[in-house]
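Notes follow the structure.
The values are calculated or read from the model by the stated rules, or taken from the named source; none is laboratory data. This one's a predicted model, so the numbers in the text were calculated from it and none came from an experiment. So basically every Cβ, Gly included, is an ideal-geometry build from the backbone, and we count neighbours across all protein chains shown. Side chains included, ligands, DNA and RNA excluded: accessible areas come from the protein's heavy atoms. Shrake-Rupley method; radii C 1.70, N 1.55, O 1.52, S 1.80 Å.
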Amino acid sequence: MKTVSLTIDGKKITARPGEKLLRVALENSIYIPNLCAIRDKPEPSASCRLCFVEIEGGEEPVTACTIDVTEGMVVNTRGEKALALVRAGFELLMASHALDCAHCPANGNCELQKIARHLKASLKTKRLRLLLRELPIDDSNPLFTYDPNKCVLCGRCVWVCRQNIKSGVFGFAHRGFERVMTTFADEPIGADRCLDCSQCVEVCPTGALSFKEGKRPSTEDG
Amino acid sequence: MTASKQETTTEEREQIKQETGQILNGFSRKRPGLIPILQKVQGKLGYLPREAMTAIAEYLDIPAIDVYGVVTFYNQFRLNPPGRHSIKVCLGTVCHMKGGYITLDAWKRRLGISPRETTDDREFDLDTVACVGCCTMAPVTVVDDKPEGVVEPTRVDGILLAFGYERETKDKEKSESD
């Protein structure tokens, strides 16, 4: 089978042509921050703006999730220009995130904490004013709780929900700062239209979707 | 803005379903038709009630939340029925400087609704606009398509009083003619 060879952070890598740079890096245990990337989704949404990298010969940093790998590509994931963009994007996300790690169910297993560690950035933004929305928490589903104040609008739950239920329960509504992951008419998620597959909770990178006490499938099994 | 809190009667719901159905029959079942369909349904009903949105989603075979997402994205679409009188508060740059948001607060308080909502008696609907082009009169409120200048909270009461007066005289005329 045809392959392409490229270099990421000095490491020589072979990959299938047409694969996305972000995927290839992650599979070769080179971490690039990302939230909205979904493996099987044909078109990357490229909305989280956290996977910027620098490619030799390119003038500006590019998002790794949208770039196909090519022969002889030389990639630097630690370029200053790229990291400046990533840091700014991350700070903006955190400026409207209801930060409360100590009481958050995702503490220790949170993508935001991981990204902060990777960037050596603080979870609390100092440069920007905190702008919180104080939206109501939805605990109408028997299995999980949805706290929109911790949502980063990555779209992972929306995607996975539509893989399981043809008429998807989740989606995005409203515009601009008011944009929110929600249900039809902003009604409680409840139990009747949801299959309780709880895969949305599994894919949530933050504590926005979390299992209720004792409802995590693994704890139920054993 | 949230989904319509307006109560619809069973009769209204039947009518909504019937009229939406009639409009849908003129369109193919393809997703790109969503916005033209929404425009036509709103043109007929004046707003997009819940029953219309679910009927459209079913017809196009897409999740209802996607219809709701488009409706809440564009300012053109409304989830609440239009009131008999429309109140549009300007929040353009100059009106903002002159305290347009204070005027908006006054309207919200007096009518008991948020922007893009309608009062329970369907007498008034409230919305915001971004500049109507008469900044010298700031802060401006457009009342039934007529721009009113220097609408400060006291003027809000004045405008409402005039409507109340109008309503009363209309009632009086009616009772006299009966």
Item checked: Percentage relative contact order, chain A, counting C-alpha pairs under 8 Å, at least six apart -> 17 percent
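Using only DSSP helix segments of four residues or longer, with each worth -39500 (n - 2.57), what per-residue ellipticity at 222 nm results for chain B after dividing by its residue count and rounding to 500? Could the numbers behind the result be given before it?
Values: 7 runs with 90 residues, N = 178.
Using -39500 (n - 2.57) per qualifying helix, the result is -16000 deg cm²/dmol.
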Checklist line | Relative contact order of chain B, pairs being alpha-carbon contacts under 8 Å that are 6 or more residues apart, as % | finding: 19 percent
Notebook entry, point to check: If you build a Gaussian network model of chain B, linking Cα atoms that sit under 10 Å apart, which residue out of B:TYR101, B:TYR74, B:TYR59 swings the most?
Noted result: B:TYR74
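Dipole of the protein assembly as shown, Cα-centred, from +1 at each Lys and Arg C-beta and -1 at each Asp and Glu C-beta, to the nearest 20 debye?
Working: 54 positive and 55 negative charges, 302 e Å.
So the dipole magnitude of the protein assembly as shown works out to roughly 1440 debye.
Leaving out ligands, DNA and RNA, and with a 1.4 Å probe, what % of the accessible surface on the protein assembly as shown is carbon or sulfur?
On the way: 11100 of 21780 Å².
Answer for the protein assembly as shown is 51 percent, counting heavy atoms of protein chains only.
Kindly identify chain B as rounded, prolate or oblate by the Cα gyration tensor criterion: order the square roots of the eigenvalues as a ≥ b ≥ c, call it rounded if a/c is under 1.5, otherwise compare a/b with b/c, prolate if a/b is larger, else oblate.
Working: a/c = 2.67, a/b = 1.50, b/c = 1.78.
Oblate shape, in that a/c is at least 1.5 and b/c is the bigger or equal ratio.
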Next item on the list: Report the Cys residues of chain B lacking a disulfide-compatible partner, meaning no second Cys Cβ under 4.7 Å from their Cβ.
Entry: B:CYS131, B:CYS134, B:CYS135
Notebook entry, point to check: Given the convex hull over the Cα atoms of the protein assembly as shown, what projected area results after averaging over all orientations, in nm²?
Noted result: 27.5 nm²
Check: Under a plain spin-label model, where a point goes 7 Å from the Cα along Cα-to-Cβ, how far apart in nm are B:ASN25 and A:GLU80?
Finding: 6.9 nm
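Longer than 25 Å from Cα to Cα, which of A:LYS120/A:LYS215; A:LYS166/B:LYS17; A:LYS150/B:LYS88 are they? Say none if no pair is. Could you put the intermediate results ahead of the total?
Details: A:LYS120/A:LYS215 34 Å; A:LYS166/B:LYS17 23 Å; A:LYS150/B:LYS88 33 Å.
Beyond 25 Å: A:LYS120/A:LYS215; A:LYS150/B:LYS88.
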Next item on the list: Using +1 at the Cβ of each Lys and Arg and -1 at the Cβ of each Asp and Glu in chain B, identify which of B:THR72, B:GLY43, B:ILE87 lies farthest towards the dipole's positive end.
Entry: B:THR72
Next item on the list: List the aspartates and glutamates whose Cα lies under 16 Å from the Cα of B:LYS108, skipping any in the same chain that are fewer than 8 positions away.
Entry: B:GLU117, B:ASP120, B:ASP121, B:GLU123, B:ASP125, B:ASP127, B:GLU152, B:ASP157
Next item on the list: With runs of 4+ DSSP H residues as the only contributors, calculate the mean residue ellipticity of chain A at 222 nm using -39,500 (n - 2.57) per run, divided by the residue total and rounded to the nearest 500.
Entry: -6000 deg cm²/dmol
Notebook entry, point to check: Say R0 is 51 Å: what FRET efficiency, to the nearest 0.05, do B:ARG155 and A:ALA95 get from their beta-carbon distance?
Noted result: 0.85
Notebook entry, point to check: What residues does the range B:56-92 have that are buried by at least 20 Å² of accessible area in the full protein assembly compared to the chain on its own, 1.4 angstrom probe?
Noted result: B:ASP61, B:PRO63, B:ALA64, B:ILE65, B:ASP66, B:TYR68, B:GLY69, B:THR72, B:PHE73, B:ASN75
Checklist line | 20 Å Cα-Cα reach of A:LYS81 towards aspartates and glutamates, excluding residues that sit fewer than 8 places from it in its own chain | finding: A:ASP9, A:GLU54, A:GLU56, A:GLU59, A:GLU60, A:GLU91
Note to self: Restricting everything to alpha-carbon atoms, can you work out Rg to Rh for the range B:7-90 with a Kirkwood hydrodynamic radius?
What the structure shows: 0.97
Note to self: Could you identify which residue out of A:GLU19, A:GLU43, A:GLU178 has the top mean-square fluctuation in a GNM of chain A using Cα springs shorter than 10 Å?
What the structure shows: A:GLU178
Next item on the list: Quote the FRET efficiency, to the nearest 0.05, computed for B:ASP145 versus B:ARG122 with a Förster distance R0 of 22 Å and r equal to the Cβ-Cβ distance.
Entry: 0.75
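Percent relative contact order of the range A:1-132, based on C-alpha pairs within less than 8 angstrom and at least six residues apart?
That works out to 24 percent.
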Notebook entry, point to check: If you add up the charges near B:GLN22, with Lys and Arg at +1 and Asp and Glu at -1, over every other residue whose beta carbon is less than 11 angstrom from its beta carbon, what do you get?
Noted result: +2
Note to self: Let me make sure I get this right: for the range A:133-222, a, b and c are the square roots of the gyration tensor eigenvalues over alpha carbons, sorted descending. Under 1.5 in a/c it's rounded, otherwise prolate if a/b > b/c, else oblate. Which is it?
What the structure shows: prolate
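Using DSSP to call loops (not H, G, I, E or B), can you name the GluC sites (Glu not before Pro) in the range A:72-167 whose Cβ has at most 15 other Cβ atoms within 10 angstrom?
A:GLU134
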Item checked: Cα lying deepest toward the dipole's positive end in the range A:1-132, options A:HIS103, A:THR77, A:PHE52, charges on Cβ -> A:HIS103
Checklist line | Proximal aspartates and glutamates relative to B:LYS40, as straight alpha-carbon distance under 13 Å, when same-chain residues fewer than 8 apart are discounted | finding: B:GLU19
Notebook entry, point to check: Mind checking which of A:LEU83, A:LEU195, A:LEU209 has the largest fluctuation in a GNM of chain A, springs on alpha carbons under 10 Å?
Noted result: A:LEU195
Check: If you keep only loop residues by DSSP, which trypsin sites (Lys or Arg not before Pro) in the range B:91-157 have at most 16 other Cβ atoms within 10 Å of their Cβ?
Finding: B:ARG122
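Around A:GLU111, under 12 Å between beta carbons, what's the net of Lys plus Arg minus Asp minus Glu among the other residues? List each step's numbers first, then the result.
On the way: positive: A:LYS114, A:ARG117, A:LYS150, A:ARG156; negative: none.
Summing Lys and Arg as +1 and Asp and Glu as -1 gives +4.
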Next item on the list: Could you list, in their original order, any pairs among A:LYS2/A:LYS114; B:LYS30/B:LYS146; A:LYS114/A:LYS212; A:LYS20/A:LYS114; A:LYS41/B:LYS30 whose Cα atoms are separated by more than 30 Å?
Entry: A:LYS2/A:LYS114; B:LYS30/B:LYS146
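Just the number, please: buried accessible area between A and B, total of both chains, 1.4 angstrom probe, nearest 100 square angstrom. Could you put the intermediate results ahead of the total?
Details: alone 12570 and 10540 Å², together 21780 Å².
The contact between B and A buries close to 1300 Å².
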